[in-house]
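The values are calculated or read from the model by the stated rules, or taken from the named source; none is laboratory data. Because the structure is a prediction, the values reported are computed rather than measured. Cβ coordinates were reconstructed from backbone atoms using ideal geometry, including for glycine residues, and neighbour counts include every protein chain displayed. These accessible areas exclude ligands, DNA and RNA; they are computed on the full protein's heavy atoms, side chains included. Shrake-Rupley method; radii C 1.70, N 1.55, O 1.52, S 1.80 Å.
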Amino acid sequence: MHVLTTEIDQLSLPAELAQSGAVLTVGSFDGIHLGHQKLIQQSIARARALSYTAGLVTFAPHPAAVLDPDRAPQTLTSRQIKLDLLRAKGLDLVAMILFTGKLRDTSPRDFVQALCDKLHMRELWVGPDFALGRDRSGNLTALTTLEKPLGFTVHQVSYVTQEGRRISSSQIRALLAEGRVAEAAKLLGRFYSLRGRVVHGKKLGRTIGFPTANLQVCPDCLVPAHGVYATTVTVDGVQYGAATNVGVRPSVDNGALSIEAYVLDYDQDLYDHEIELSFVRRLRPEMRFENVQGLISQMRQDVVQTRRVLKTESRNDHV
């Protein structure tokens, strides 16, 4: 998969794709949830039928970070996780366009013209509420008026619903904010995950027999609600179970938010390793204990429950 990261007026197709038309889909694609996946899969199938390039256009940062920075949501996928998920879908091309004030003010016609001229777009596949360009004025109705002049066609894909509700990134964020990671996984089609580097923490866990990996993640990524979770940790391509605490350690110091994973059946040094943490199920809220013995007793129970959950629910679906 070819990846372009650039401003829209600097887009340029790789030579091996330049002789083909392209079927493109455009959007933020935060989370790459089941709705996104349907759109991507159908656009790829269409590209294969036409012997065209299967491409996706997305943005960095999330457009809301430029349009309304005070209300911008935390993201469900870091840039690298998003690219890895998209790579697994079989796309030929991902264009990650830098979202700037200039792009915000670009008219729908100029935006689509760039896709046609620079990426050879012949078909644009979108969802029902799609809109692009200045003030989101490039909705489906507006885009159809550009088809003939610019030489492309628009195709609409229906929503994906679950229990009568449309799957959306905002719905998934709300579930994660409540710690409902198992429900979020059903909408994502995989367990929600964070990726980051293991950094030095307080090192208190090792003094009570539960050494933890303290995960440092991107500041814009959404961290699920405080609590203890049954999780999996992927280290150098190998997956392990882990009991993970998200919170402020009320029994210790009520400090800054931390993500601390006690990795099961693993005794190697993880400092400075990049790992991926996938949330399978929330076991309990974060708690304050009156003494260390109470904390140790509860952690033993958490480990037992984590093993039980992972035995029945975990699957090897990490990025």
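When restricted to residues that are open to solvent by less than 60 Å² (accessible area, probe 1.4 Å) and in a helix (DSSP H, G or I), the stretch 289-313 contains 12.
Screening Q216 against (1) open to solvent by less than 30 Å² (accessible area, probe 1.4 Å); (2) modelled with pLDDT under 95; (3) assigned to a strand (DSSP E or B) leaves a single unmet condition, (1).
Checking G151 against (1) free of Cβ contacts under 8 Å to residues at least 60 places away in the same chain; (2) farther than 22 Å from D92 by Cβ: exactly one of these is not met. Which one? That leaves (2) as the condition not met.
If you go through the stretch 15-38 and keep only what is within 16 Å of I97 (Cβ to Cβ) and not hydroxyl-bearing (S, T, Y), you end up with A22, L24, V26, G27, F29, D30. The residues of the stretch 15-39 that are closer than 17 Å to V3 by Cα, among the aliphatic types (A, V, I, L, M), more than 12 Å from the chain's Cα centre (by Cα) and modelled with pLDDT of 95 or more, listed by number, are A22, V23, L24, V26. The single condition from (1) within 21 Å of L76 (Cα to Cα); (2) open to solvent by 40 Å² or more (accessible area, probe 1.4 Å); (3) in contact with a Gly (Cβ under 9 Å, 6 or more places away or on another chain) that R281 fails is (3). Quick one: which helices (runs of 4 or more DSSP H) sit completely within the stretch 58-105 and have at least 2 residues that are touching a strand residue (DSSP E or B) at 6+ places or on another chain (Cβ under 9 Å) and closer than 22 Å to L188 by Cα? The helices (runs of 4 or more DSSP H) meeting that bar are 79-89.
Number of residues in the stretch 40-75 that are buried (at least 16 other Cβ atoms within 10 Å of the Cβ), more than 28 Å from T153 (Cβ to Cβ) and either modelled with pLDDT of 95 or more or in contact with a Leu (Cβ under 7 Å, 6 or more places away or on another chain) (or both): the value is 1.
Residue count for the stretch 83-97 satisfying the condition of being more than 17 Å from Q42 (Cβ to Cβ) and open to solvent by 60 Å² or more (accessible area, probe 1.4 Å): 1.
Figure legend. Inter-residue proximity from the stretch 73-97: first residues in contact (Cβ under 8 Å) with a residue 40 or more places away in the chain and hydroxyl-bearing (S, T, Y), second residues open to solvent by less than 20 Å² (accessible area, probe 1.4 Å) and not in a helix (DSSP H, G or I), beta-carbon distance below 7 Å, spacing 6+ or different chains. Indicated pairs: T75/D30; T75/C221; T75/L222; T77/D30; T77/G31; T77/I32; S78/C221. If the condition is being of a type in the set (A, V, I, L, M) and touching a Gly at 6+ places or on another chain (Cβ under 9 Å), then the stretch 116-133 contributes L119, M121, V126, A131, L132.
Here the stretch 106-121 is the region considered, the condition is being in a helix (DSSP H, G or I) and within 26 Å of the chain's Cα centre (by Cα), and the residue that is nearest to H62 (Cα to Cα) is F111.
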